[in-house]
Amino acid sequence: MSRIKGTFAALRAEGRAALIPFVEAFDPDRATSLALLTGMAEHGADIIEIGVPFTDPMADGPIIQAAGRRALNAGATLHGVLGIVRDFRKGNDKTPLVLMGYLNPILSYGVAEFTRDAALAGVDGLIVVDLPTEEADLLLPDAATHGLDFIRLIAPTTSDERLPKVLAGSSGFVYYVSITGITGTRTASAEDLARDIPRIRRATDLPIAVGFGVRTPEQAATVAKYADAAIVASALIEKLTLSDVAAVLGDVAALANGIRHAVKVAA
Amino acid sequence: MLRYAVIMNEILKNSLRSGPDGRGRFGEFGGRFVAETLMPLILELETAYEAAKADPRFQAEIDYYLKHYVGRPSAMWFAERLTKHLGGAKIYFKRDELNHTGAHKINNCIGQILLAKRMGKTRIIAETGAGQHGVATATVCALFGLPCTIYMGAVDVERQKPNVFRMKLLGAEIVPVKSGAGTLKDAMNDAMRDWVANVKDTFYIIGTAAGPHPYPAMVRDFQCVIGEEAKWQMQEAEGRLPDVAIAAIGGGSNAIGLFHPFLDDTSVRLIGVEAAGHGLESGEHAASLSMGRPGVLHGNRTYLLQTEDGQILEAHSISAGLDYPGIGPEHSWLHDIGRVEYVSIEDEEALTAFQLCTKTEGIIPALEPAHALAHVMKLAPTLAPDKIILMNLCGRGDKDIFTVAAHLGFDL
Ligand SMILES: Cc1ncc(COP(=O)(O)O)c(C=O)c1O
């Protein structure tokens, strides 16, 4: 069983949703990222998403854009990101890691080489923002060969007819982009989620994670009522720029607590 | 040339003009690399464009606006003094700088805004580099009474002030983009971000033959009027096809508009001119085909200036309209199969051509076609006087006088 599958199976038994915090690798440096990953796993993160810096992050808002710039200035590369994953795995063989990024650095690395190296380093899943299902044959076969979960994005604009097409070949979990927009801007309401999540449930048995615009423990709890995981990115990155690693880990603990107190709405 | 001949023979069974395929690809280039949020819109756009293309009323509408509003057909001019000065092949200009708003960009904007109207969209966004596409977009938005937001790199806002003011007069909202190097690439990122956030009512008028399918094909189709007119105009003037057709390349829309109608006429040598900025060795240039390698940016797979790690590099050119680290995917394909030659011209050479054109022909060209002209200056003297060069003079230079003045040491 993949780490991601195992994690969700355990959480289902516990009857709660997962917290997936986000770390932009190398923001502002390698050591900080490694400290965040290690610390988050100890402060209630069930899965961690690692942002792979790219010069042109088209789906990201100002906060993640700035994080990416800081990371690139600190020398971030895709090889370097895999290096952080290898170091993290020396002390943690349990917490699933998902890389989120854009296609071009992967193409530069070489799809076959990258999927092989990522799996060896201890990466569990991939989210490639600018690789829609229409182009997925570029990466899907290699990801499958190396046992990497291929996590697809679903948006409010994805129609019911389109859902099965988008979900084809996906594994691990489904990432629901809960707003039409870029990261760190708007937040979906409870009504939005009550309407949208069941629509996706009907199309898949995979766990559903909600991201884009989840910031507070209350919002995470709302997400946890309807979905199987809450992804928090911009709010944590912002906290890091204003404060320090300890403060971010404090927020992660509070978010984890929010999720643990959510009352699940029957699916 | 052998490789080229073999591939050509294979493809010519059909035509070099038949691309893209059903996945929006020209060979291995093109495609639709966008986030899922945008994907349904891209598909809707493709369906709407296919329907419009099949509707004679749509083409009739375009023709009406091109004739009575844009002022087409644009003239084709025998540049006699320049020809004498260079002492070689006969040089003709396709004068798209005479279009309303001063460049070829409006050809595409007319087509796209008519499509936006058909689709019931009520808000227009666009990116712009030199400001020519922004002005053309703001113009058609004024004409059709639609609100319009233009994304423009903060650096370009500075160096293209006349166009910024023009857009404001036309009623557009200008958003200066500070991310990255603050040029065209960054403006395109922010326009895409706006589109993702406003999917219901907004139509994104992309200004060049790049981006996710169907944009490269659609923009090309709207720009092909350049080459189609030039073809019959050359027939009238000389009773034959030109020997060479030359155009400058930013994203490649004026060039593909000129080249495409000639792609199957294998006697016509086609040359695209990229911006070499401070020189190809300096690393400060915009020559994606000469110096880049294939990758994915802005929705399409194409040649890009990038690092080993796949990070996109900043381009450099004195010409804001050429200052882009990518190129339309059809050009990448035409490059790889060898049908079009791609060369590059440095800032200084373009400035020299700019002045020569002004003095010998009484035409102030934009800095973009000045790059094409600089290559004509190299090529014409090497060809016999009975050869014909056709160059796309795709924009006028009013917008560039501040930049040129600064380089020549004048304080305006
Ligand atoms: C006059 C002119 N020529 C050329 C270009 C480059 O664009 P393209 O390569 O799409 O024709 C621009 C872009 O702003 C322009 O204004």
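The values are calculated or read from the model by the stated rules, or taken from the named source; none is laboratory data. This structure is a prediction, so every number in the text was calculated from the model and none was measured. All Cβ positions, glycine included, derive from the backbone under ideal geometry; neighbour counts span all protein chains shown.
Below are the figures for this structure:
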item: Residues that are more than 14 Å from the ligand (Cβ to nearest atom), of a type in the set (A, V, I, L, M, F, W, C) and either part of a helix (DSSP H, G or I) or surrounded by fewer than 17 Cβ atoms within 10 Å (Cβ to Cβ) (or both), drawn from region B:229-281; result: B:Ala230, B:Trp232, B:Met234, B:Ala237, B:Leu241, B:Phe262, B:Leu280
item: Residue in region A:103-114 that is at pLDDT 95 or above, farther than 25 Å from B:Gln311 by Cβ, touching a helix residue (DSSP H, G or I) at 6+ places or on another chain (Cβ under 8 Å) and within 11 Å of another protein chain (Cβ to nearest Cβ) present; result: no
item: Test: residue in region B:124-141 that is within 16 Å of the ligand (Cβ to nearest atom), surrounded by fewer than 23 Cβ atoms within 10 Å (Cβ to Cβ) and within 18 Å of B:Ala255 (Cα to Cα); result: no
item: Members of region A:233-264 found to be over 17 Å from the mean Cα position of the chain (by Cα), at pLDDT 95 or above and under 15 Å from A:Val223 (Cα atoms), listed by number; result: A:Ala254, A:Asn257, A:Gly258
item: Flag for B:Gly111 being more than 14 Å from chain A (Cβ to nearest Cβ) and either part of a helix (DSSP H, G or I) or over 16 Å from B:Cys141 (Cα atoms) (or both); result: yes
item: Those residues of region B:79-102 which are more than 13 Å from B:Glu361 (Cβ to Cβ) and outside any helix (DSSP H, G or I), in sequence order; result: B:Gly87, B:Gly88, B:Ala89, B:Lys90, B:Lys94, B:Asn99, B:His100, B:Thr101, B:Gly102
item: Neighbours by Cβ (under 6 Å, 6+ apart or cross-chain): first from region A:182-198, on the phi > 0 side of the Ramachandran plot; second surrounded by 15 or more Cβ atoms within 10 Å (Cβ to Cβ); result: A:Gly184/A:Gly61; A:Gly184/A:Ile63; A:Gly184/A:Ser234
item: Check on A:Phe88, aromatic (Phe, Trp, Tyr) and either under 17 Å from A:Ile127 (Cα atoms) or within 14 Å of chain B (Cβ to nearest Cβ) (or both); result: no
item: Residues of region B:48-82 classified as among the basic types (Lys, Arg) and touching a strand residue (DSSP E or B) at 6+ places or on another chain (Cβ under 6 Å), total; result: 0
item: Flag if B:Lys178 is over 25 Å from B:Leu16 (Cβ atoms) and within 14 Å of chain A (Cβ to nearest Cβ); result: yes
item: Which numbered condition A:Leu126 misses (of (1) within 14 Å of chain B (Cβ to nearest Cβ); (2) closer than 28 Å to B:Asp190 by Cα; (3) not basic (Lys, Arg)); result: (1)
item: Matching residues in region B:37-49 - criterion: being facing chain A (nearest Cβ under 10 Å) and more than 16 Å from A:Asp137 (Cβ to Cβ); result: B:Thr37, B:Leu38, B:Pro40, B:Leu41, B:Ile42, B:Leu43, B:Glu44
item: Members of region B:192-210 that are within 16 Å of the ligand (Cβ to nearest atom) and closer than 18 Å to B:Phe33 by Cβ; result: B:Tyr204, B:Ile206, B:Thr208, B:Ala209, B:Ala210
item: Count of residues meeting criterion [away from every other protein chain (no Cβ under 11 Å) and among the β-branched types (Val, Ile, Thr)] in region A:175-199; result: 2
item: Filter pass, A:Ala221 being outside any loop (DSSP other than H, G, I, E, B) and either crowded, with 17+ Cβ neighbours inside 10 Å or away from chain B (no Cβ under 14 Å) (or both); result: yes
item: Condition broken by B:Asp186, with the remaining ones in (1) away from the ligand (no atom under 13 Å from the Cβ); (2) at pLDDT below 95; (3) not in a helix (DSSP H, G or I); (4) not β-branched (Val, Ile, Thr) satisfied; result: (3)
item: Yes/no for B:Lys94 being closer than 28 Å to B:Leu241 by Cβ and more than 16 Å from the ligand (Cβ to nearest atom); result: no
item: For A:Asp160: the one exception among (1) away from chain B (no Cβ under 14 Å); (2) surrounded by fewer than 19 Cβ atoms within 10 Å (Cβ to Cβ); (3) outside any helix (DSSP H, G or I); (4) not β-branched (Val, Ile, Thr); result: (1)
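Yes/no matrix, rows are residues, columns are (1) polar (S, T, N, Q); (2) out of contact with any Lys or Arg (no Cβ under 6 Å at 6 or more places or on another chain):
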{"position": "A:Met1", "(1), (2)": "no, yes"}
{"position": "A:Ile4", "(1), (2)": "no, yes"}
{"position": "A:Ala13", "(1), (2)": "no, yes"}
{"position": "A:Asp27", "(1), (2)": "no, no"}
{"position": "A:His43", "(1), (2)": "no, yes"}
{"position": "A:Ile47", "(1), (2)": "no, yes"}
{"position": "A:Gly51", "(1), (2)": "no, yes"}
{"position": "A:Asp60", "(1), (2)": "no, yes"}
{"position": "A:Gln65", "(1), (2)": "yes, yes"}
